[in-house]
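I'd like to ask you about the structure that follows.
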Amino acid sequence: MAAPVAPRQFYTVGPSYPSEGTLLRAAARRTSIDLLHAAELRRQQVRRALQVAPGAPPDKAASRRAHLFSKQELQDEFSTDLSLGLSQQQRSTRLSRDGKNALTPPKQLPEWLKFLKAMVGGFSLLLLLGGLLSLIAYLVPFIPGNSTKPDPNNLYIAIVLVVVVILTGIFQYMQEAKSSKILAGFKDLIPTQATIRVQGALVVVNAQTLVAGDLCELAVGQKVPADIRLIDAHGLKVDNSSLTGESEPQPRTVKSTSDSYLETKNIAFFGTSVLEGRATGVVVATGDRTVIGEIAHLASQTGALQTSLGREINRFVKIVAVFAFSMGILFAILGLALRVGSWLDSLIFGLGIIVANVPEGLYATTTVCLTLTARRMAGRNVLVKNLQAVETLGSVSVICTDKTGTLTQNRMTLSHLWFDSQLTKVDADYTKSTFRTEPSLVSPSHEEDDEETTERSPERARNATFQRLLQSMNFCSRAIFDSTDPSLPDDLRAILSRVAPPPPIEAPASPRPGILRRMSISLGFRPRLQRSRSLPALPVLPEVVASPPILGFPSRPATPPLPLKANLAEMPTLSSGAPPPPLLAAPEHTEASTATQTTQTVQKPPVSSARQPVPKKWSLLDAKVIGDASETAIFRFASSMNNVLLERESNPRLAEVPFNSATKTHLVIHKFPEGNVLFFKGAPERVLEHCSSMMMEGGEYPLDERSRIQVMRTSDELASLGERVLAFAFRPLDPTAYPEDYEFVTDPHPNFPTDGYVLLGLASLQDPPRETVPEAVLECQKAGLRVIMVTGDHPTTAKAIARQCHIISFETEDEIVANHSTNPQSPRGEGTHPSLREIFGDAATVGPLPSRPPTSQTSGETHGVEAGHSPPGRPLARARVVTGDELHAMSAGELEIIIGKYEQLVFARVSPVDKLTIVEACQKNGAIVGVTGDGVNDSPALKKADIGISMGISGSDVSREAADIVLLDDNFASIVHGIEEGRLVFDNLQKSIAYVLASNIPEIVPFILFFLVGVPAPLTVILVLLIDLGTDIFPAISFGYEPAERGLMDRPPRNPKRDRLVTWRLIFFAYAQIGVLETVAAFITYFLIMGLAGIPMSSLFFNMSGVGIPLPLLRTAQSSFFFTVVLTQIGNILLCKTRRFSLFRHPLFKNKHMFLAILVELLIALFLVYVPWMHVIIATNWLAWPAAAVGGGFIFILIFYDEIRKLFIRSWPHTALARVFTW
């Protein structure tokens, strides 16, 4: 029955075991978890000679050798049964002994300690110390023998300072607790359930109750609940990206492929996801004993850096504390030495100096401003865990970012199709495609659009090559819709109930009766009772192809395909835009032309009434699909063209050789009414090895050398765009040699043809950048930030995505070397073929493309070029792609030079632990580094960075715990929003500080004049506090709502060593300019009131006790002095809205909160001086008219002065004087 076919061994490849030298080099190399490698090798050396008694608790050493055990050794080591599993009693005993299967959470501070911590840092300690001194001053008079009366103002001061600290601490604690609560919603690392065998019975248990020795079942869509040694696996593929950074699905087998526990393929690691297949295995490590557990422990050992704002605030607190206490102590000592009053008077006077110098409201202002910014950032999908991290993000000068999921959509899509010597770009939204052959699974958005599509593309609908290509794409994809998707339409759900996901086929070694029937049942297909459509007749391929005619087509000259450039000069696009140029139209079928017809066209099949469009509410792009990324993309595209589920149901699968990473091919055989058809998919170079012809315009032509070169050139050009290229082929099988009941065998020797296939075309896939990323990267570069891509992908892919995202815009070093070594006179060199950019223009990619895609990324040293230098006649390289191997060969100093020399950098084929090395090198270059990460082993780099940024959707719990900021939408563009908010909050904090500090001068000078020249105190300590904590605090907080000045994102990043939060220029502006003007205004008011009352200025000096001055008059003068300071602060807040640009060219009234705060400020001041019972409590009195007149006039004087200052620094920005007056 079976036709003898010469077997070709490209389906099964035995395991390749690395040599000992390779293992040692791999262990020494910094891999994604190299710290664990070294520890593991040490454990193996120590433990290999030890005998572990059967039944003893499996420790780390035993579990790390589990991949080397035979099944019997595994059973003995873990005292389990490989067919029945553990008993319930054994499980209970081991659970009590080993603990739950859960990662030990990082040590958390108790809530009460967090609350106290929020109230004892920075300014709060300074305020508490001031409150303590005030309390002491109040209590001293109660000492026996002391005749001094206690001053209740001192008690009020102490109470007010403590209340401010408590309220601000509560505010900060509640905001950070809110962020912690949001993070708690991301707890999804450990799956909630696991399927195990208990004494032979399948039981679903809580994953946290798993113990070593449990026999666990794994299936598609599950997360691996522990470290599991596989004993039975069927096409299992897992996603190890959270652990190793590998973006491609990793196959798992039952055979040990490496001595290393971390590199072997018979271990499924805790926390990884099952993408395909099924397996059974023994739990060998749980909880903290798993690989992820050890990495999480390693992350907890990495200390977190203090934020830049935290460092700035601490610095400012030290400056203020030293200055305030030094002045207070100095004047107190002078008072005692000069015998100015009693020692208690000197103490109270020193306290007044301290209180006047400390901006008590700044602590509350800073906290509230940061909280307001954090809330705005949360509205832009940036969750702030630590309030001070808000400003740090704005100070970032380098961002080390992942590629997959952060820059890209983390969703593979079909990008290009090549067939009939034409390359077509596929629109990312498949539902808009005009290239449709028949009613698909997706209804167009508008019915009129569908009619227009049908009318304008009939030639495409009848293209035979494309129909065959679609069939091959459909049948060579194992992806399928997830039946648990609640949005799945009922008609598709009904089909899914009949068409199950095809499991991997393990073909028997030799044909057995009835295997075809059993194969069909195992695949989940059932024969249809009624066919919904008639398929076109399939031409039969003879066993031996000698010469045309082939595939039943009439003979025609073996014309080679059209030249690449001629066919691709105008690339059609599969989109809903302008109609693309039609493909070669199918010839008309007439009796007269039949004899001379050169091609055979497959007509569009009739549509069955059973094939109804699905409801429009369902979206194909958002539908849940089971399968790996590449096959899912192919499945979505095929589904947008045909109803692939009905096609699969009509034509059941008979045999399959799953995709193998060694052969890079995938083969399936499907049953059609006209006969069986073989479909073939794989890497282009591998598929071409098995093809002898290619389909062109529905006809078959020999695949000569020129055609092969054309195919590979197209494949290389698509690969240079960072796309994964797959080739598709097929071969109808002769019904006489392979009848309906033929039993196909795939292993060890296939009994069907292994060559003579017909090449259909190419399809390229890519994980496209997010739509907002290119613009966001340009915004970063405009703001002076460097964006460095750090990825585990291939250098070519990384570079292509980097170009599309604008991370690389210059020629890289290897491109310069290649181009100029070929022909120094030509930027591309002679003899090179045209690039896709030349053919397609800007449609191919965003950035410039290399003319010849490099096969590997090499360093400058390899070409004899020192990093950052070029020989004469060669342009200086400004961009470079550094591979993991190059990185491992560099010293720390060399890496720092590389980072400093090149403007644009991409690190490819590197591990997440390498990211830690890159971060450290950037920091040594003086950069403030932000790092993005989502994997468990990204956590050390996240904690080491100045600002760690984790992914909220795809990130692991460990990475989110280590980060300072969480992107709720995993979008890089959200980082740019965060940077803008961070810069804005730093600017606004500086404005708020300048506003608050300015009032310190009119608060301090009265005490100095009182002490030096004996002027009766124009201001009391309690009024100083009322300015700082009453009238000034609300306007200071309103700066949190102030919009950005022009050019905020055009400035370079803040230099942490030069651009401090509080600089000497800011202090000069606040103290020596605005503060002096406010002091002058307040003293004019004070002396004017005294003069109007008949007290000359001369009688006020050296009159410390106020002899001859009525007490009501003194209180009126003090209240007016206070009110004048309040009014001049209104002018101060308005001029602080801008630092360089004119106030009148800034949106003056956009910040409505500021004007509300000014109103509140005035009401508080009026309340304090006009409410009678406040006269008793704080010793105020009604105002005199000079307070309003002088204070109101100085509002305009202050604004006028600052407008002159701003005009001067804009007109002569580079002068030394302008630098002095710029803050």
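Eight or more residues apart or on different chains, and alpha-carbon atoms under 25 Å: count the Lys pairs in the range 616-745 matching that.
Total qualifying Lys-Lys pairs in the range 616-745 comes to 4.
Now, a different point. Quick one: which residues, 5 or more positions from LYS265 or on another chain, have an amide H under 5 Å from its amide H? H modelled 1.01 Å from N in the peptide plane, none for Pro or chain starts.
THR257, SER258
Using θ = phi - 60° and the Karplus form 6.51 cos²θ - 1.76 cosθ + 1.60, what ³J(HN,Hα) does each residue of the range 1061-1078 get, whole Hz, x for Gly and Pro?
Those phi angles translate into 4, 10, 10, 5, 6, 5, 5, 4, 5, 6, 8, 7, 10, 5, x, 5, 4, 5 Hz.
Please list, in order along the range 196-213, the HN-Hα scalar couplings obtained from phi with the Karplus expression 6.51 cos²θ - 1.76 cosθ + 1.60 (θ = phi - 60°), rounded to whole Hz, x for Gly and Pro.
After applying 6.51 cos²θ - 1.76 cosθ + 1.60, I find 10, 9, 10, 6, x, 9, 6, 9, 9, 10, 5, 4, 6, 9, 5, 10, 4, x Hz.
Turning to a different aspect of this structure: Simple spin-label model, 7 Å along Cα-to-Cβ: ILE1177 to LEU336 in nm?
Here the answer is 3.4 nm between the modelled labels.
Going from most exposed to least, what order do TRP1212, TRP1185 have by accessible area with a 1.4 Å probe?
TRP1185, TRP1212
Pull up all non-local amide H partners of LEU703: gap of 5 or more, or a different chain, and H-to-H distance under 5 Å with H placed in the peptide plane.
When sequence neighbours closer than 5 places are left aside, the close amide H contacts are SER693, MET694.
Between ASP490 and LEU129, what is the spin-label point distance in nm, taking each point 7 Å from the Cα along the Cα→C-beta axis?
7.5
Further question: Taking a probe of 1.4 angstrom, what is the accessible area of SER650 in Å², to the nearest 10?
40
Mind listing the phi-derived Karplus ³J(HN,Hα) values for the range 748-757, rounded to whole Hz, using 6.51, -1.76 and 1.60 with θ = phi - 60°, and x for any glycine or proline?
Once rounded to whole Hz, the list reads x, 10, x, 9, 9, x, 10, 7, x, 7.
Probe of 1.4 angstrom, ligands and nucleic acids ignored: what's the accessible area per residue over the range 1011-1096, in square angstrom?
Computed with neighbouring chains in place, this is 35 Å² per residue.
HIS416's amide H: which non-local residues (gap 5+, or another chain) put their own amide H closer than 5 Å, with H modeled 1.01 Å from N in plane and none for Pro or chain starts?
VAL426, SER764
When only the heavy atoms of the protein chains count and the probe is 1.4 Å, how do TRP112, TRP343, TRP1223 rank by accessible area, highest first?
Most to least solvent-accessible, the answer reads TRP112, TRP343, TRP1223.
Could you state how much accessible area LEU338 has, in square angstrom rounded to the nearest 10, with a 1.4 Å probe and all protein chains kept in place?
Number for this one is 120 Å².
At 1.4 Å probe size, put HIS806, HIS690 in order of accessible surface, largest to smallest.
HIS806, HIS690
How much accessible area per residue does the range 1134-1194 have, in Å², with a 1.4 Å probe?
For the range 1134-1194, the per-residue accessible area is 52 Å².
I need the calculated FRET efficiency for the pair LEU1148 and LYS318, taking r as the beta carbon distance and R₀ as 35 Å, to the nearest 0.05.
In this case the efficiency is close to 0.45.
Going through the cross-link list LYS1150/LYS1206; LYS782/LYS1057; LYS901/LYS924; LYS385/LYS924, which pairs have a Cα-Cα distance over 18 Å in this structure?
Cα-Cα > 18 Å for LYS1150/LYS1206; LYS782/LYS1057; LYS385/LYS924; rest within.
Taking only protein heavy atoms and a 1.4 Å probe, what accessible area per residue, in Å², does the range 644-775 have with all protein chains in place?
Accessible surface, normalised per residue, equals 27 Å².
If ligands, DNA and RNA are left out, what is the accessible area of MET412 with a 1.4 Å probe, given in Å² to the nearest 10?
Surface accessible to solvent at MET412 totals approximately 40 Å².
Can you send over the carbon and sulfur percentage of the accessible area for the range 713-796, probe radius 1.4 Å, protein chains only?
Carbon and sulfur atoms account for 47 percent of the accessible area of the range 713-796.
Also: Hey, for a label at VAL203 modelled as a point 7 Å past Cα toward Cβ, could you say which residues of the range 65-88 have their backbone N under 18 Å away?
Counting only backbone N, you get 79-88.
Give, as a single signed number, the net charge of other residues whose beta carbon lies under 9 Å from the beta carbon of GLU312, with Lys and Arg counted +1 and Asp and Glu -1.
Taking every other residue near GLU312 into account, the sum is +2.
Separate question: Students often check this: by mean Cβ neighbours within 10 Å, which of 346-356, 1168-1178 ranks highest, and how do the rest follow?
Highest mean packing first, the order is 346-356, 1168-1178.
Could I ask something else about it? Considering only C-alpha atoms, what is the centroid distance from the range 111-150 to the range 767-819, in Å?
That distance is 57 Å.
The values are calculated or read from the model by the stated rules, or taken from the named source; none is laboratory data. As the structure is a computational prediction, the values presented were derived from the model and not from experiment. FYI the Cβ positions are ideal-geometry reconstructions off the backbone, even for glycines, and counts take in every protein chain you see. Each accessible area value is taken on the protein alone, full model and side chains, heavy atoms only, with ligands, DNA and RNA left out. Shrake-Rupley method; radii C 1.70, N 1.55, O 1.52, S 1.80 Å.
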